[in-house]
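Contents: one structure, followed by commentary.
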Amino acid sequence: MLRQLLRNHLAPYRRPIAFLVALQLLQTGATLYLPTLNADIIDKGVVVGDTGYVLTYGAVMIAVSVVQVAGNIGAVYYGARTAAALGRDVRAAVFDRVQSFSARELGHFGAPSLITRTTNDVQQVQMLVLMAFTLMVSAPIMCVGGIVLALGQDVPLSAVLVAVVPVLGVSVGLVVARMRPLFRTMQERLDTVNRVLREQITGNRVIRAFVRDAYERERFRGANRELTDVSVSAGRLMALMFPTVMTVINFSSVAVVWFGAHRIDDGGMEIGALTAFLAYLMQIVMAVMMATFMFMMVPRAEVCAERIEEVLRTETSVRPPVTPLPTPSAVRGRLEIRGADFRYPGAEEPVLRGIDLVAGPGETTAVIGSTGSGKSTLLGLVPRLFDVTGGRVLVDGVDVRELDPAVIARTVGLVPQRPYLFSGTVATNLRYGRPDATDDELWQALETAQAADFVRGLEGGLNAPITQGGTNVSGGQRQRLAIARTLVQRPEIYLFDDSFSALDYRTDALLRAALARDTAGATVVIVAQRVSTIRDADRIVVLDEGRVVGTGRHAELMADNETYREIVLSQLTEAEAA
Ligand SMILES: Nc1ncnc2c1ncn2[C@@H]1O[C@H](COP(=O)(O)OP(=O)(O)OP(=O)(O)O)[C@@H](O)[C@H]1O
């Protein structure tokens, strides 16, 4: 998974990668050359008292060091840039994919997990890549080159290396194998902490109202503790690595000095060669240590890459058509729902069965039914929040599944039951569906939505700030701003999902009268619980347990539809209902 993710997203950066590999080669070569130079200066300059030799090769050493430093800086610079670019690209890819998801896929992953995957998971992969760019080239060359050059200095002493390298390899392998499952648990627990935190922030008012602060605190503490536990376990393993490596380094240094001293005594080796050998030993062990460090990051990055790939490979269940029908020159907005069935994924029973409904331009169609009868689900089928599992939804005679999503977005304006406003200002929210709307158009929509007075009263008017989710305005004000936002969009089909529920009776009546004027030629579908909101509709559709049990005008339904009569008489007296 990790390899695939990197192959796909690093492909555009072949040139900077080639460049940084070249720089790494240069700086590693220089690093490897320095101990040999040093040994020469000691053996051929210092020991025989040749100052000229010391000065000449001292200058060469400085030049080689400059090359090493410059190569290193360049390589790290290009590595950091490329890794950052990779992070940006993967984040964008995940974001694009999530944007295409329908309610079904969003529900499957859950918002907190999607946020962790887009931020933390991508960052883990990015960190590994940066690490790899820094070490991938230099560590193996340093290790192999170090061994070759150490052999060049003294073959018998190199026996120490034969013992050191496998010991390091095995200890690294053991630790890395145990880390992988821990890292998976760690990312999952991070998801949980995010989920609990998010729930507690969004549900803050409910928590206060029910005085559940202590319970929620304990819930967060539990999630936090679980994340800490697994992080500590992983940390312990990591902590074990460095003392192990350091012990190996120290023992091998002692062994080299011990055996080296004997070889010098026997005249089989020079003192400069011993210093060079020690330097190479350090380089080899450092290379193994750096590689270890990188390998420690690999399991976590692999888990993260899997989680990212899972998102990238998930296809939306609401697919846009392969070849959308050409955009119609004039959309009239006639809505037909023919024998529509819908079942939520995983649910046993369908929520909607064989729904038939026709709503024409210039007409107001109302949908009424008890709680949970499927009204919101029915409206969601029109803008394709979900697709029917049977039957069809047609706009101007064309199945919505064959229409270009942009055409649907332009044609259908849904005011959801729980309206959401974005952080910004009143104006940026109102222009959400039509960025080029003029201020006059915004005010006109606000007048119709009965929201102009309250916006005028806000400091800044149209430029008054709105917080994320619209939490700095009241529920009724939020509903009216959401209605105004859809009015600014001027779609051919308006879908109001219980959008007047938070309004008092007077405002509800004023709003509907203004709406009737403003949306005169459009197709209007209103879902409502309140009978007074819908009794004047051209057509009332009565839903009961996902089926249409009656269609007609108020008076007709009062006369012959028992379900409708029950709903009406639970709210109005016989005289009021007449
Ligand atoms: N995401 C979902 N997954 C599974 N079942 C769902 C989902 N959303 C809604 N349902 C179920 O579908 C049924 C219809 O829900 P829907 O929201 O359409 O009803 P409604 O008539 O709009 O209700 P209300 O008047 O309370 O808003 C309910 O029984 C509900 O439990």
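The values are calculated or read from the model by the stated rules, or taken from the named source; none is laboratory data. What you are looking at is a predicted structure, and each value in this text was computed from that prediction instead of being measured. As a convention, Cβ positions derive from the backbone with ideal geometry for all residues, glycine included, and neighbour counts pool all protein chains shown.
When segment 363-386 is examined, which residues are found to be at pLDDT below 90 and more than 30 Å from GLU562 (Cβ to Cβ)?
Within segment 363-386, LEU385, PHE386 qualify.
If I filter segment 70-87 for residues that are surrounded by 19 or more Cβ atoms within 10 Å (Cβ to Cβ), of a type outside the set (Gly, Ala, Ser), without any contact (Cβ under 8 Å) to a residue 60 or more places away in the chain and within 30 Å of THR247 (Cα to Cα), do I get at least one hit?
Looking through segment 70-87, at least one residue is surrounded by 19 or more Cβ atoms within 10 Å (Cβ to Cβ), of a type outside the set (Gly, Ala, Ser), without any contact (Cβ under 8 Å) to a residue 60 or more places away in the chain and within 30 Å of THR247 (Cα to Cα).
Can you pull out every residue in segment 256-288 that is among the aliphatic types (A, V, I, L, M) and surrounded by fewer than 20 Cβ atoms within 10 Å (Cβ to Cβ)?
Once the filter is applied, which keeps residues that are among the aliphatic types (A, V, I, L, M) and surrounded by fewer than 20 Cβ atoms within 10 Å (Cβ to Cβ), segment 256-288 yields VAL257, ALA261, ILE264, ILE271, LEU278, MET282, MET286.
Restricting attention to segment 250-273, which residues are part of a helix (DSSP H, G or I) and without any contact (Cβ under 8 Å) to a residue 40 or more places away in the chain? Can you show your working first?
In the first step, residues of segment 250-273 are kept if they are part of a helix (DSSP H, G or I); the result is 250-265, 271-273.
Within segment 250-273, ASN250, PHE251, SER253, VAL254, VAL257, TRP258, ALA261, HIS262, ILE264, ASP265 qualify.
Scan (1) within 23 Å of LEU335 (Cβ to Cβ); (2) surrounded by 16 or more Cβ atoms within 10 Å (Cβ to Cβ); (3) more than 32 Å from the chain's Cα centre (by Cα); (4) not polar (S, T, N, Q) for the single condition LEU503 breaks and write down its number.
With respect to (1) within 23 Å of LEU335 (Cβ to Cβ); (2) surrounded by 16 or more Cβ atoms within 10 Å (Cβ to Cβ); (3) more than 32 Å from the chain's Cα centre (by Cα); (4) not polar (S, T, N, Q), LEU503 is out only on (1).
Give, as residue ranges, the strands (runs of 3 or more DSSP E) completely inside segment 323-400 that count at least 2 residues that are within 9 Å of the ligand (Cβ to nearest atom).
Numbers: elements: 335-342, 352-359, 364-369, 390-395.
Hits in segment 323-400: 364-369.
Checking PRO299 against (1) at pLDDT 90 or above; (2) in the same structural domain as GLY107 (by the TED database), only one condition comes out false. Which one?
(1)
Please list, ordered by first then second residue, the pairs with beta carbon atoms under 6 Å, 6 or more apart or interchain, first in segment 354-381 and more than 21 Å from ASP341 (Cβ to Cβ) and in contact (Cβ under 8 Å) with a residue 12 or more places away in the chain, second more than 6 Å from the ligand (Cβ to nearest atom) and in a helix (DSSP H, G or I).
Note: pairs meeting the criteria are ALA366/ILE534.
Check segment 304-315 and report whether any residue there is assigned to a loop (DSSP other than H, G, I, E, B), within 13 Å of the ligand (Cβ to nearest atom) and surrounded by 14 or more Cβ atoms within 10 Å (Cβ to Cβ).
no
Exactly one condition in (1) of a type in the set (A, V, I, L, M); (2) out of contact with any Asp or Glu (no Cβ under 9 Å at 6 or more places or on another chain); (3) over 20 Å from LEU106 (Cα atoms); (4) free of Cβ contacts under 8 Å to residues at least 60 places away in the same chain is false for ALA340; which is it?
(2)
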